[in-house]
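Here the structure is laid out as structure tokens; the discussion comes afterwards.
Please treat every number below as a calculation from the coordinates, not as lab data. Small disclaimer: the values here were computed from a predicted structure and weren't measured. Glycine gets a Cβ as well: all are built from the backbone with ideal geometry, and neighbour counts include every protein chain shown.
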Amino acid sequence: MRERALLVDRRRGEAVRRTLAEVGALRPDLQILEEGDRLVLPLRPGASVPDGLGEIGLREFPPLELPPAGGYQELLDWPAAAKALLPRSFDVVGEIVLVRLPPELEERKSEVGAALLEFVPGSRLVGLDRGVQGAERRRAVERIAGDGPWTTRHRENRLEFDVDVEGAYFSPRLAGEHARVAAKVLPGERVYDLACGVGPFSVTIARDGRAVSVTAVDVNPTAIELLRRTLSRYPFGASVTAVVASLEAFAPTATPVERVIVNLPREGIKYGALVAPLVVPGGRLQFYEVVPRDEVEGRRAVVERLLSAKGRFAVRDVRLVHPYSPAQDLIAVEVERAPD
């Protein structure tokens, strides 16, 4: 049967494919075709297609062969005991898949990489994630399948970020947090995004347009360069000031603002006393911590006691973002400085 199709210049093909997917117009069960210098994208029946994307036509599309429903593990012809050690989750950053493996599977990492490369649609590179390291929060990764650079563009919350998986901090697991915190920003607020990484908080806040200014700070120059590339593609980019600096260098001379965000989960409240004075009376401090699961309930009192030397601060919210390990959780803590 002939189906509705959108014909686009090959150079614009990926961008148009993503747009169609976002608006629900792309048929995910049919293969994308190639015709000379054009790509032919299958459309859902009756779906509305944004103007200016390409030429509408009719084409015969073969069905897309989908990966096994059971997950990437089903692509591996391993004994049950070995499969039981495989991680159930992995991260996808743009075209790059990141996975952590137990030591028992190190010798079989290339097989895992090949299975993930086949399983994850649109992936071109699989990396073994050995964790974020150092003051600049660079991720140690080992290529186990695929090719190409560690740089990519990652889409979340209707935005596209320049990311270097190896060179600067970014977590695809925080997309909900980026949107949630941005939604709390009130009209006219000034915002500091400290330890910003590639800037997903800053960019999302600037896109929403309520903040009068956003200052993004990170000690890693690669992270700030990636943020600047992302901002250069958006009309609101000029509202964000990107600064290469450590928190110790930035905080002592910075003017207090209405909202401060600190995303240093492994450091947690270590910088609380340093950044608390950057919050004006009535303003909010949002930070993240990885804490032992049995300490989450008592974290409110701990934070208030630690900040008491810097003014009157009250914890307004402590919430679970996601489990971090079998015994630890990543939590978000929102603190309000009492009005004068």
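Quick notes
- Couplings 3J(HN,Hα) of the stretch 18-30, computed from phi: 5, 4, 4, 5, 5, 8, x, 9, 8, 7, x, 9, 10 Hz, in residue order, whole Hz [Karplus 6.51 cos²θ - 1.76 cosθ + 1.60, θ = phi - 60°; x for Gly and Pro].
- Helical runs (DSSP H, four residues minimum) scored at -39500 (n - 2.57) apiece and divided by the length of the chain put the mean residue ellipticity at 222 nm at -6000 deg cm²/dmol.
- Tail weight of P(r) past 20 Å, computed on alpha-carbon pairs of the stretch 2-60, percent: 10
- In this structure, the amide hydrogen of Phe313, modeled 1.01 Å from its nitrogen in the peptide plane, lies closer than 5 angstrom to those of Ala338, counting only residues at least 5 positions away or on a different chain.
- Only lysines eight or more places from Lys109 in sequence, or on another chain, were considered; those with a Cα closer than 16 Å are Lys83.
- Summed residue charge, Cβ within 9 Å of Val290's Cβ, Lys/Arg positive, Asp/Glu negative: -1
- Net dipole in debye of the stretch 1-123 [+1 Lys, Arg Cβ; -1 Asp, Glu Cβ; about Cα centre; nearest 20]: 340
- With θ taken as phi - 60° and the Karplus curve 6.51 cos²θ - 1.76 cosθ + 1.60 applied, the whole-hertz 3J(HN,Hα) list for the stretch 42-48 is x, 10, 5, x, x, 5, 7 Hz, x standing for glycine and proline.
- A convex hull fitted to the Cα coordinates of the stretch 236-328 yields 129 cubic angstrom per residue.
- Restricting the trypsin sites (Lys or Arg not before Pro) of the stretch 168-263 to loop positions (DSSP other than H, G, I, E, B) with no more than 13 neighbouring Cβ atoms within 10 Å leaves Arg233.
- Note, ³J(HN,Hα) from phi for the stretch 100-108, Karplus 6.51, -1.76, 1.60, rounded to Hz, x at Gly and Pro: 10, 10, x, x, 5, 9, 3, 5, 10
- Counting charges near Glu267 (Lys, Arg +1; Asp, Glu -1) among other residues having Cβ under 14 Å from its Cβ returns a value of -1.
- Among residues other than Val163 with Cβ under 11 Å from its Cβ, the summed charge is -2 (Lys and Arg +1, Asp and Glu -1).
- Computed FRET value (nearest 0.05) for Arg293 with Glu142, which takes r as the C-beta separation and R₀ as 35 Å: 0.75
- Charged side chains reduced to their Cβ positions (Lys and Arg at +1, Asp and Glu at -1) give the chain a dipole of some 880 debye around its Cα centre.
- Label corresponding to Rg and Dmax of the Cα atoms in Å when calculated from the structure given, among [x] 20.0, 64; [y] 25.3, 82; [z] 22.6, 72: [z]
- Distant-in-sequence amide H partners of Arg259 (H built 1.01 Å from N, under 5 Å): Arg190, Tyr192, Arg284
- Around the Cα centre of the stretch 169-337, unit charges on the Cβ atoms of Lys, Arg, Asp and Glu (plus for the first two, minus for the last two) sum to a dipole of about 300 debye.
- Size of the stretch 39-155 from its Cα atoms: along the principal axes, largest to smallest, the extents are 52, 41, 21 Å.
- Taking all Cα pairs closer than 8 Å and separated by 6 or more residues, the relative contact order of the stretch 72-148 comes to 27 percent.
- Length-normalised contact order of the chain in % [C-alpha pairs under 8 Å, at least 6 apart]: 9
- For Arg138, residues with placed amide H under 5 Å, excluding near neighbours: Gln133
- Two-decimal Rg to Rh for the stretch 169-337 - Kirkwood Rh, Cα set: 0.95
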